[in-house]
Amino acid sequence: MAAPRRVLLRVVVAVLLLSVLALTALQQAVSDGPWWLELSRYLPYPLLVFPAVVGLLLALALGWRWVAAGVLTVALFATFAMGLVWNADPGDARADLRLMTYNVKALLAIERPGGLAQLAGEIERHRADIVVMQDASPLMRGRDPARPGPMFGLPEVWNVGQYVIASRWPLADCRSAQAQLDRDAIAYARCEIDAGGKRFTLLDVHLESPRSGLVAARHEGLDGIELWRSNHAGRLGQARALAAAVRDEPRPLVVAGDLNAPRSSAALQALLAVGLRDAFASAGRGYGYTYGHTLRPRFSFLRIDHVLVSDDVAVVRAFVGGKDASDHRPVVADLRLPAR
C-alpha cells in the first residue's frame with residue numbers, strides 16, 4: 001500500500017475507534033450530559049458500535065497492533081457501554097423471598113389472543129413471592145377492589161391506579177403516595193410487607209417514558225431535540241423527587257418498577273445516590289436487558305426495569321425473564337432481609 005494511502009487509512013481507523021472509546025467513557029463518567037449523550041443511552045447498541053466495527057475491518061490492512069486496538073475498542077464497548085455484569089454464582093444460597101417487577105402492559109395482553117395466558121405463564125413460571133406490576137390496572141376488571149381475590153396464585157392483591165401488587169404475605173398500610181420536588185412530581189404505590197417475620201417497605205414505581213422524546217428526536221429535527229430535552233428533564237425531575245422521598249422511608253426498603261432509565265443515566269444515578277443498590281448489578285450475570293424486543297430491532301437492548309434495594313437488603317441472585325408476554329421482560333431478584 002502506498003505511504004499516503006496508508007497514512008490516510010490510519011487516520012480514518014483512529015478516528016473511528018477513538019469516537020467509540022470517547023462515547024463509552026462519556027457514558028460512564030457523565031451521568032447528566034448534553035442532549036446527544038443522553039439520547040445515545042437509548043439507541044440500539046449496534047448503531048453505536050458500528051464505527052468501531054468498521055475501524056476493526058479496515059485495521060486488517062494495517063497490521064496486528066491496529067487490529068488489537070480495534071478488538072480492544074469493541075471489547076470495552078461491549079463491557080462498559082453495553083452494561084455487562086458478571087457476579088459470582090451464588091450456588092444454592094438461600095433467600096428470604098423472590099420478588100418480580102414487571103410492566104405487564106395488561107391492556108395489550110387482554111387484546112392479544114392468548115395474551116393473558118402468556119402473562120400468567122411468565123409470572124407463574126418464576127414462582128415469585130411478590131409480584132410488583134405497572135400498567136396493570138386492566139387486570140383488576142371484574143374484581144371487587146375491597147376483595148380482589150388471588151392473582152397468579154398469590155392470595156394478597158392490592159391496586160391503585162396503574163399499579164398492582166400481588167403477594168404471598170399480607171400487605172399492610174398500602175396507599176397511593178406522591179413525591180414532589182419543586183415542580184416535578186410522581187405518583188407511586190407503597191406497601192408494608194411482613195415476610196415471615198421480617199418486615200420491609202415496598203415502592204412500586206413507573207417513571208415517565210422516553211418514547212415521545214425518542215420519536216420526536218428521530219422524526220422532527222431540531223424541534224424534536226427540544227421535545228427530547230423536555231422529556232429527559234421530566235423523567236430526571238421525577239427521579240430526583242422520588243429520591244428525596246426515599247431518604248425518609250424506613251429501612252429495609254425495596255423500590256421496584258419500570259424506571260425507563262438505564263443504569264448510567266442521571267435518573268437512576270439519583271436513586272443510587274440516596275443509598276439504594278441495583279439488584280441486577282449486585283448479583284446478576286450478563287446484560288439483563290428488559291426492553292427493545294418489540295421495536296424494529298427485534299431484540300432487547302435496554303435495561304430500564306429495575307429492582308433497587310437499601311444497603312441492609314442482600315441480593316442473592318437476579319435475572320430477567322422472557323420476552324413473549326409483554327413489551328418488557330420482568331426482573332426477578334432473590335433477596336435476603338436483615339434479622340429484626
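Candidates are the residues of region 198-214 that are in a helix (DSSP H, G or I), touching a helix residue (DSSP H, G or I) at 6+ places or on another chain (Cβ under 8 Å) and not hydroxyl-bearing (Ser, Thr, Tyr); the one that is surrounded by the fewest Cβ atoms within 10 Å (Cβ to Cβ) is Leu214.
Just a yes or no: is a residue in region 76-90 farther than 22 Å from Thr290 by Cβ and without any contact (Cβ under 8 Å) to a residue 24 or more places away in the chain? Yes.
Filter region 65-75 for residues that are out of contact with any Leu (no Cβ under 7 Å at 6 or more places or on another chain) and surrounded by fewer than 16 Cβ atoms within 10 Å (Cβ to Cβ); which is nearest to Leu8 (Cα to Cα)? Filtering region 65-75 for residues that are out of contact with any Leu (no Cβ under 7 Å at 6 or more places or on another chain) and surrounded by fewer than 16 Cβ atoms within 10 Å (Cβ to Cβ), the one nearest to Leu8 (Cα to Cα) comes out as Arg65.
When the strands (runs of 3 or more DSSP E) confined to region 101-190 are screened for residues that are touching a His at 6+ places or on another chain (Cβ under 8 Å), those reaching at least 1 such residues are found at 130-134, 163-167. Within region 23-59, being of a type in the set (S, T, N, Q) and outside any helix (DSSP H, G or I) holds for one residue alone: Ser31.
A quick yes/no check of all residues on (1) in a loop (DSSP other than H, G, I, E, B); (2) crowded, with 23+ Cβ neighbours inside 10 Å; (3) modelled with pLDDT under 95:
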residue: Ala217; (1), (2), (3): no, yes, yes
residue: Leu242; (1), (2), (3): no, yes, no
residue: Leu268; (1), (2), (3): no, yes, no
residue: Leu271; (1), (2), (3): no, yes, no
residue: Ser282; (1), (2), (3): no, no, no
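Only one entry of Leu57, Leu62 meets the criterion of being in contact with a Lys or Arg (Cβ under 7 Å, 6 or more places away or on another chain) and more than 30 Å from Val255 (Cα to Cα), and that entry is Leu62. Screening Glu208, Glu192 for residues that are acidic (Asp, Glu), modelled with pLDDT of 95 or more and in contact with an Asp or Glu (Cβ under 9 Å, 6 or more places away or on another chain) leaves exactly one candidate, Glu192.
May I ask you to say which residue of Leu295, Leu308 is out of contact with any His (no Cβ under 8 Å at 6 or more places or on another chain), of a type in the set (A, V, I, L, M, F, W, C) and surrounded by fewer than 20 Cβ atoms within 10 Å (Cβ to Cβ)? Quick ask: steps written out before the conclusion?
Numbers: Leu308 fails: surrounded by fewer than 20 Cβ atoms within 10 Å (Cβ to Cβ).
Only one candidate qualifies: Leu295.
In region 294-311, which residue that is modelled with pLDDT of 95 or more and in a loop (DSSP other than H, G, I, E, B) is nearest to Pro90 (Cα to Cα)? The qualifying residue nearest to Pro90 (Cα to Cα) is Asp311.
Considering only residues in region 209-258 that are basic (Lys, Arg) and over 21 Å from Pro44 (Cα atoms), the one that is nearest to the chain's Cα centre (by Cα) turns out to be Arg240. Just wondering, is there one or more residues in region 229-249 that are in contact with a strand residue (DSSP E or B) (Cβ under 6 Å, 6 or more places away or on another chain), of a type in the set (Val, Ile, Thr) and more than 20 Å from Leu37 (Cβ to Cβ)? So far as region 229-249 goes, no, none of its residues is in contact with a strand residue (DSSP E or B) (Cβ under 6 Å, 6 or more places away or on another chain), of a type in the set (Val, Ile, Thr) and more than 20 Å from Leu37 (Cβ to Cβ). With respect to the conditions (1) out of contact with any His (no Cβ under 8 Å at 6 or more places or on another chain); (2) aromatic (Phe, Trp, Tyr); (3) within 27 Å of Asp258 (Cα to Cα), Trp66 falls short on a single one, namely (3).
Can we say Leu62 is surrounded by 16 or more Cβ atoms within 10 Å (Cβ to Cβ), out of contact with any Phe, Trp or Tyr (no Cβ under 6 Å at 6 or more places or on another chain) and part of a loop (DSSP other than H, G, I, E, B)? Yes, satisfied.
Going by what's in this entry, would Ser31 be described as among the hydroxyl-bearing types (Ser, Thr, Tyr) and surrounded by fewer than 17 Cβ atoms within 10 Å (Cβ to Cβ)? Lay out the reasoning, then the answer.
Values: among the hydroxyl-bearing types (Ser, Thr, Tyr): yes; surrounded by fewer than 17 Cβ atoms within 10 Å (Cβ to Cβ): no.
It is false that Ser31 is among the hydroxyl-bearing types (Ser, Thr, Tyr) and surrounded by fewer than 17 Cβ atoms within 10 Å (Cβ to Cβ).
Specify the residue that is farthest from Asp96 (Cα to Cα); the eligible residues are those in region 144-197 that are touching a residue at least 60 places away in the same chain (Cβ under 8 Å) and either loosely packed, with under 14 Cβ neighbours inside 10 Å or not assigned by TED's automatic domain parsing to the domain that holds Ala241 (or both). Among residues in region 144-197 that are touching a residue at least 60 places away in the same chain (Cβ under 8 Å) and either loosely packed, with under 14 Cβ neighbours inside 10 Å or not assigned by TED's automatic domain parsing to the domain that holds Ala241 (or both), the one farthest from Asp96 (Cα to Cα) is Gly197.
The values are calculated or read from the model by the stated rules, or taken from the named source; none is laboratory data. Bear in mind that the values here come from a model prediction, so they are computed numbers and not experimental data. Using ideal geometry, Cβ is built from the backbone for each residue, glycine included, and neighbour counts are taken over all protein chains shown.
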